[in-house]
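A short write-up of the structure that comes next.
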Amino acid sequence: MDLSLNKRWRLNEKGATAELRGDALNAFNHPTFANPQTDQFNSAFGQITATLNYARQVQAMVRVSF
């Protein structure tokens, strides 16, 4: 689940604005597991040793337009 929060302020009558934005990718940090190892001659047979998604990533941005 990805989340985003945005807030925009109008700074003057001529159209200048300020924007604050925060994004969180994989916000709850839930793993999506890969398939288990299916090679019967591998020592990791039947084990899940990887995930398919990425860890939580957070970014913030400030933008001023005039």
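Quick note: the coordinates plus some simple rules give every number you see, no bench work behind them. Only a predicted model underlies this, so the values are computations on that prediction, with no experimental measurement involved. Virtual Cβ from ideal backbone geometry, glycine too; neighbours counted across all protein chains shown.
Which one, V58, P36, T17, projects farthest toward the positive side of the charge dipole computed for the chain from Cβ point charges (K/R +1, D/E -1)?
With unit charges placed on the Cβ atoms, the residue in question is T17.
Between rounded, prolate and oblate, where does the chain land on the alpha carbon gyration tensor, with a ≥ b ≥ c its root eigenvalues, rounded for a/c under 1.5, else prolate if a/b exceeds b/c?
prolate
Net charge near G22, counting Lys/Arg +1 and Asp/Glu -1 over other residues with Cβ under 15 Å of its Cβ?
Details: positive: K7, R8, R21, R56, R63; negative: D2, E19, D23.
With Lys, Arg at +1 and Asp, Glu at -1, the net is +2.
So how strong a dipole does the chain carry about its Cα centre when Lys and Arg Cβ are +1 and Asp and Glu Cβ are -1, to the nearest 20 debye?
Values: 7 positive and 5 negative charges, 101 e Å.
Taking the Cα centre of the chain as origin, the dipole is about 480 debye.
Quote the relative contact order of the chain in percent (integer), defining contacts as alpha-carbon pairs under 8 Å separated by 6+ residues.
It rounds to 37 percent for the chain.
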